[in-house]
Amino acid sequence: MKGLTGSSRLRVYGPPGTGKTTWLKGEVERLLRAGVPGEEIAVCSFSRAAFREFASRLAGQVPEDNLGTIHSLAYRAIGRPPLALTKDALSDWNRRVPDTWRVTPRVDGRGADLLDVMDPYEDEDSRPPGDKLYDRVVYLRNTLAPMAAWSEEERVFFQTWKAWMNATGLVDFPGMLEMALAKPGGLGVRFLLVDEAQDLTPLQLLLVEKWAQGARLALVGDDDQAIYGFMGADGASFLGVPVEDELVLGQSYRVPARVQRVAEAVIRRAQNRAPKRYAPRGDEGEVRLLWVPPEAPYHAVADAIERVNRGESVLFLATAKYLLEELKAELLLRGEPYANPYAPHRHAFNLFPQGARSAWEKARSFLFPNRIAADVKAWTKHVSSKVFAVKGEEARRYIESFPDEEKVGDDHPIWNVFRPEHRPHAVGRDVSWLLDHLLGNAPKTMRQSLMVALKSPEAVLQGRARVWIGTIHSVKGGEADWVYVWPGYTRKAAREHPDQLHRLFYVAATRARKGLVLMDQGKAPHAYPWPAVREEVEVDVW
Ligand SMILES: Nc1ncnc2c1ncn2[C@@H]1O[C@H](COP(=O)(O)OP(=O)(O)OP(=O)(O)O)[C@@H](O)[C@H]1O
């Protein structure tokens, strides 16, 4: 198979599941086996999650600093200045500017991935004007739009924003790329591999080209899966890069035949695309249409849980986060926690998010079979003072007086702080009792985790979810046995980026390894019309 030792500019493309990411990983391993030092290889991917497992496999061979998103590599290259989009930094900006220029914070101080927080299909009308203006300016910077194409307001806003960043030493996301471009020298590698290259903006591509000077470059992607048009990446940059050689992958190892036929009917609606052919997997797979009223996902959940119980993986996908709210509520009622293996840090998709200590651990601390004082301290902070035999403040002081690591058996004196009628519930890990006596300001995920614990304490103890959920953007490159897709979208999306909408549902459909369940919302406004592929579809009317 073609590889980077044979050509200095290679484009690898292929439809969903044809092994593009697998090729890229294999190529890195082939280079290492051929004796290329790991320091001379860099790999860019779109999301960090996609790479976590790969990076750990390469640990000690390719330096961790050479693996990451384009933004993270650029951020390192410019010496990691503080970020402009944090709460602290923006409170300064927001104090100085008119209301209509105020920007809402988007990252924490540690610099979470920009794309982890992008949800283009959230309700546009409810967004503050400053956020919309800032996003338009980011788009113009990402697409390298000539100043003549900017409106007067966009120009003035950007000049002010840039002057503020310069004066304060802060940087925003396109700024990382702009600074890395202006900096002499590149990444200092001989091999640069870029996954999901269809989502490169013209600005990112310019930086990749600079980094690739004197190096061999592989761009890996699929123009039909370009779903970041709203950021300025429409797949055209990827297809337009002059290359020496191309590797076209034509066999999907994921998508079964029926799923492929429906997915093809969706992507054929896109106006601007290069036609392509590929072979599906050998088995037929299944496509079903499930009529689900938008506000009641009970039947979809019941259907999905049956599959999970049979050992299959299930992924629910929607265009926007808010569409998942009813689903999450239904899952919690059933004691089924949710997760997103492709965005494990995002609270919106994970009841048990990874990373910094989070509120669900307070619920877990109530359930531990072998408790220590620190566990009791964690949940008693959020319990109503009514359960204590003394005043709340005094009770909490008493609980705090025990060293964190002290073991707390069922007869430990710490329990004496509870009124006699409450004591057995606290000692006995009575989840309903705790839910009944939680303070109003107890963290939401603590309460939700306790709801799950009513039915599945083990799931909370282990921080383990069985059902995956996410926006289509959040699961790029991912897959599951069964994929359930909501047809929701906004009218604005259809008007401004119809191709992108078709690509988005194409990406969603092609995540399925065994079957696809299209959730039909009938005549609900703004519901994406599924193609009429009747022979593929079994209709369930509830
Ligand atoms: N040569 C192969 N033989 C068998 N299975 C493969 C092969 N290559 C890839 N796969 C499997 O097929 C699935 C899809 O592979 P991969 O994610 O690399 O495809 P992709 O082209 O990057 O997909 P997408 O375009 O959706 O991101 C994975 O489960 C992978 O393990």
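The values are calculated or read from the model by the stated rules, or taken from the named source; none is laboratory data. Everything numeric in this text was worked out from a predicted model, so none of it was measured. Cβ atoms come from the backbone with ideal geometry, glycine included; neighbour counts cover every protein chain shown. Quick note on the areas: whole protein, heavy atoms, side chains included, nothing else; ligands and nucleic acids left out. Shrake-Rupley method; radii C 1.70, N 1.55, O 1.52, S 1.80 Å.
Conditions (1) among the acidic types (Asp, Glu); (2) within 17 Å of residue 461 (Cβ to Cβ); (3) out of contact with any Leu (no Cβ under 9 Å at 6 or more places or on another chain), marked per residue:
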{"residue": "364", "(1), (2), (3)": "no, yes, no"}
{"residue": "376", "(1), (2), (3)": "no, yes, yes"}
{"residue": "379", "(1), (2), (3)": "no, yes, no"}
{"residue": "382", "(1), (2), (3)": "no, no, no"}
{"residue": "388", "(1), (2), (3)": "no, no, yes"}
{"residue": "392", "(1), (2), (3)": "no, no, yes"}
{"residue": "400", "(1), (2), (3)": "yes, no, yes"}
{"residue": "423", "(1), (2), (3)": "no, no, yes"}
{"residue": "439", "(1), (2), (3)": "no, no, yes"}
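Quick grid of which residues meet (1) open to solvent by less than 40 Å² (accessible area, probe 1.4 Å); (2) out of contact with any Phe, Trp or Tyr (no Cβ under 7 Å at 6 or more places or on another chain):
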site: 301; (1), (2): yes, yes
site: 309; (1), (2): no, yes
site: 319; (1), (2): yes, no
site: 323; (1), (2): yes, no
site: 334; (1), (2): no, yes
site: 344; (1), (2): yes, yes
site: 355; (1), (2): no, yes
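Being assigned to a helix (DSSP H, G or I) and either among the charged types (D, E, K, R) or away from the ligand (no atom under 16 Å from the Cβ) (or both) is the filter here; which residues of segment 27-54 pass it?
Taking segment 27-54 as the starting set, the residues that turn out to be assigned to a helix (DSSP H, G or I) are 27-33, 38-40, 48-54.
Those that are assigned to a helix (DSSP H, G or I) and either among the charged types (D, E, K, R) or away from the ligand (no atom under 16 Å from the Cβ) (or both): 27, 29, 30, 31, 32, 33, 38, 39, 40, 48, 52, 53.
Each residue in segment 386-395 was checked for being surrounded by 14 or more Cβ atoms within 10 Å (Cβ to Cβ), part of a helix (DSSP H, G or I) and modelled with pLDDT of 95 or more, and 2 pass. Residues in segment 242-273 that are in contact with a Leu (Cβ under 9 Å, 6 or more places away or on another chain) and either assigned to a strand (DSSP E or B) or under 26 Å from residue 173 (Cβ atoms) (or both): 245, 246, 247. Residue count for segment 494-509, restricted to those that are under 14 Å from residue 318 (Cα atoms) and either touching a helix residue (DSSP H, G or I) at 6+ places or on another chain (Cβ under 7 Å) or in a strand (DSSP E or B) (or both): 7. Restricting 212, 226, 167 to residues that are closer than 26 Å to residue 32 by Cβ and out of contact with any Pro (no Cβ under 6 Å at 6 or more places or on another chain) narrows the list to 212.
Restricting segment 246-280 to residues that are farther than 28 Å from residue 488 by Cβ, open to solvent by 50 Å² or more (accessible area, probe 1.4 Å) and at pLDDT below 95, the residue that is farthest from the ligand (Cβ to nearest atom) is 275.
Determine whether segment 24-35 contains at least one residue that is within 16 Å of residue 219 (Cβ to Cβ), of a type in the set (Lys, Arg) and open to solvent by 20 Å² or more (accessible area, probe 1.4 Å). For segment 24-35, residues within 16 Å of residue 219 (Cβ to Cβ), of a type in the set (Lys, Arg) and open to solvent by 20 Å² or more (accessible area, probe 1.4 Å): present.
Regarding segment 502-519, can at least one residue be identified that is within 16 Å of the ligand (Cβ to nearest atom), surrounded by 15 or more Cβ atoms within 10 Å (Cβ to Cβ) and of a type in the set (S, T, N, Q)? There is at least one residue in segment 502-519 that is within 16 Å of the ligand (Cβ to nearest atom), surrounded by 15 or more Cβ atoms within 10 Å (Cβ to Cβ) and of a type in the set (S, T, N, Q). If the condition is being β-branched (Val, Ile, Thr) and farther than 21 Å from residue 479 by Cβ, then segment 220-247 contributes 241, 243. Of the residues 81, 15, the single one that is within 16 Å of the ligand (Cβ to nearest atom) and either touching a Ser or Thr at 6+ places or on another chain (Cβ under 8 Å) or at pLDDT 90 or above (or both) is 15.
If you go through segment 47-96 and keep only what is under 20 Å from the mean Cα position of the chain (by Cα) and surrounded by fewer than 13 Cβ atoms within 10 Å (Cβ to Cβ), you end up with 53, 56. Among the candidates 10, 24, the residue that is under 23 Å from residue 227 (Cα atoms) and either within 15 Å of the ligand (Cβ to nearest atom) or β-branched (Val, Ile, Thr) (or both) is uniquely 24. There is no residue in segment 192-201 that is open to solvent by 10 Å² or more (accessible area, probe 1.4 Å) and modelled with pLDDT of 95 or more.
Give me a count of the residues in segment 216-238 that are of a type in the set (A, V, I, L, M), within 28 Å of residue 516 (Cβ to Cβ) and within 15 Å of the ligand (Cβ to nearest atom). Let's see the steps before the verdict.
Within segment 216-238, the first condition is being of a type in the set (A, V, I, L, M), and the residues that meet it are 217-220, 226-227, 231, 233, 236.
Still in the running and within 28 Å of residue 516 (Cβ to Cβ): 220, 226-227, 231, 233.
Next, from what is left, pick out any that are within 15 Å of the ligand (Cβ to nearest atom): 220, 226-227.
Of the residues in that region, 3 qualify.
On inspection, residue 160 fails the criterion of being of a type in the set (Ser, Thr, Tyr) and either at positive phi or in contact with a Leu (Cβ under 9 Å, 6 or more places away or on another chain) (or both).
In segment 285-297, the residues that are closer than 15 Å to residue 532 by Cβ and at pLDDT 90 or above form no Cβ pair under 9 Å with any partner that is among the basic types (Lys, Arg) and surrounded by 23 or more Cβ atoms within 10 Å (Cβ to Cβ), whether six or more places apart or across chains.
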